[in-house]
1. Enumerate the amide H contacts of C593 below 5 Å, restricted to partners 5 or more residues apart or on another chain; note that Pro and chain-start residues carry no placed amide H.
2. Kyte-Doolittle cut-off -1.0, length cut-off 18 Å along the helix's own axis using Cα: show which whole DSSP H helices in the chain pass.
3. Taking all protein chains in place and a 1.4 Å probe, what share, in percent, of the accessible surface of region 149-243 do carbon and sulfur account for?
4. For the chain, what does -39500 (n - 2.57) per DSSP helix run (n ≥ 4), summed and divided by total residues, give at 222 nm, in deg cm²/dmol to the nearest 500?
5. Would you mind calculating the relative contact order of region 219-342 from Cα pairs under 8 angstrom and at least 6 residues apart, reporting the percent as a whole number?
6. Under 12 Å from the Cβ of P550, count the other residues' Cβ atoms, weight Lys and Arg +1, Asp and Glu -1, and hand me the total.
7. Here are some values of Kirkwood radius over Cα pairs in Å: (i) 26.6; (ii) 28.8; (iii) 27.8. Which one was computed from this structure?
8. Counting only C-alpha contacts under 8 Å and six or more residues apart, can you give the relative contact order of the chain as a whole percent?
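The values are calculated or read from the model by the stated rules, or taken from the named source; none is laboratory data. Keep in mind it's a predicted model, so treat the numbers as computed, not measured. Don't worry about glycine lacking a Cβ; one is built from the backbone with ideal geometry, like all the others, and counts go over all protein chains shown. These accessible areas exclude ligands, DNA and RNA; they are computed on the full protein's heavy atoms, side chains included. Shrake-Rupley method; radii C 1.70, N 1.55, O 1.52, S 1.80 Å.
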Amino acid sequence: MRKGLVIILCLAASSHIMAAGSIADSVHNLSTSGKGPIKSKTEDRICIFCHTPHTAVSDSPMWNRRSRGYTNYESSTTDAVASKKQGPSGLCLSCHDGTIALGDMVYGGKKQRGPKNDLQETFLKGRSNLGTDLSDDHPIGIVYDTSLMIKDRGLHDPSGVELPLVDGEIQCASCHDPHSDKIPPFLHKTTLNGELCTSCHQYSGMNWDWDSSAHASSTAEPKSGNPWPERKAQWRGRNVGENSCMNCHASHNAATPARLVADVEEKTCYRCHDGTVSRKNIRSDKQKFFRHPVDRPSRGDLTAHKMENPLNTPLHVECEDCHNPHASRSSPPMIAFNPNSPLETDHAVPPYVNGSLVGVSGIDVNGRFKEEADYEYEVCFKCHGIPAKSACANRRCSTATNYNMSRLDDTYNLRDKFDPGNPTLQSYHPVVRNDPNNNNEVPSLRRDTPLDRTTSLIYCGDCHSSDVSPAAGGVGPAGVHGSRYEGILALRYEFDPQSNFNTLSDNLCLKCHDAASLFGNESFLHREHVVENNTSCINCHDPHGSASYPHLINFLTSSNVSGNLVRISGAGPYFEPTWISNGQYSGTCYLSCHGTVHDGATYPDGVMTGPGTDPGVNPGMTN
């Protein structure tokens, strides 16, 4: 009897202490003295809605409520398994699952023999109602110990976590203090600046950590609108850095349950990267016809940068495949030079990744998976360099305008086009390595850029980027998000083999190659072919690399544009189109191209001679 009296006195004392503190002024006070929108008109005791000194349920000492069963959080990237028994968190859910009335108590106290209390038909609604499906809420009932930390390198040692673990488990009470709303909503620590989340979670890699990322440190504020609509004003920070983890994640009722993402796929990124918060409008590039199709739903639950291995994952593309949101930071663009300011040095050094790609996985030039890419091309190879196949399964991808092309070397894996160790590769643009043996015979390289013929490298992004990006000489977003030019190219490149060459101002090839040298026929009859006969560069040159010949010569054996099939075939003794080197700036062609047969046509000293040509005039490249 004395022991029971002590329990009652302690409960009463704690009730008054808590009431005198902050619970009395919070929405958890459901009594007649409550200050929130829901309160009883008949029950004046604050603690009774959760606690009772008699006939308590077994879930927790002096607990006055029942709980149900729930669907737990699941994700392909979690190393923890939530217990099917919710434990102490079930006590919170007995109100917050929305199926049990606030007044549905095990023991009703002085009102139990009289009329039912007036909250027995009142249920939580709105954002406070988590439902019985907790798959879109932060996992609870998981054991947080050193073995979990070893499995998940993104977690702190639990011995140093300054949050209450309930019997070594993460429970609602690990983040929330139901008796104090000094830090709303009933938190032990604020979510501002990631303080609460980073108590457990830590993210870092070889050359990055969360604290130095843009999402953790940026002071950018919204110019218009509200990119954090699920956060109440009193919880919300003023800028990106203050909102930190909550820029992208939602602890409860997440729109994308796996990884608790606040919105659906790329829409989460567009909340800020539409120009309303970020300086550049990425979304506008993603709305262009030629783009990486992140808007297409991926097949299955893909894990982006954490566990996904592109060697055994279905091909797809999402923002996270190229950007690690826990690592990405602002830095100069990945270009070898700006075509409008060639000597400007405000850019990254090829082939190294810049801050926008740091912490992202890749495939190296040998076809091996890398957890973190060092070079930009390794990120591109995740789709365009998978061993034994291309992004379109051993064939050239059709273009966005639905026409197809085939090359003489029949090689469409781009890693094979750049790999200096590929024994069949004859020439390549200097993305992975410079090849002086080939490049010394390129007199057209512009002399007003920092590039040289023997040591310089370029990025994939020097050609493939937005048409308003620094790669195009613009000030818009950098990168391969989208472009008005086919192939997501920074400048115009003619895919049509019979196109009109009518301008030099925005031609991609002339970004690095000097028009005066090319069309002055310093190394070949480019003027006659390209300008006078509208035979574009794509007919003879493969811009990535060639397993056929030096100088990127890799004849376009077939192409169809709007149903018009164009072929380049062999001539004379050769079934396939053939080029034979006769020394520097000289060669012989055996091919049938655009209605003209070159059967041993030779071009020394800027003059093409031989069968099928008219010496000193033009190469007769007409239909």
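1. H598
2. Working: long enough: 2-20 (27 Å, 1.43).
Answer set is 2-20.
3. On region 149-243, the fraction of accessible area on carbon and sulfur atoms equals 51 percent.
4. The helix contribution divided over the chain gives -3000 deg cm²/dmol.
5. Values: 106 pairs, mean separation 20.0, N = 124.
Reported as a whole number, the value is 16 percent.
6. So the surrounding residues net to -3.
7. Here Kirkwood radius over Cα pairs in Å agrees with entry (ii).
8. Relative contact order comes out at 8 percent.
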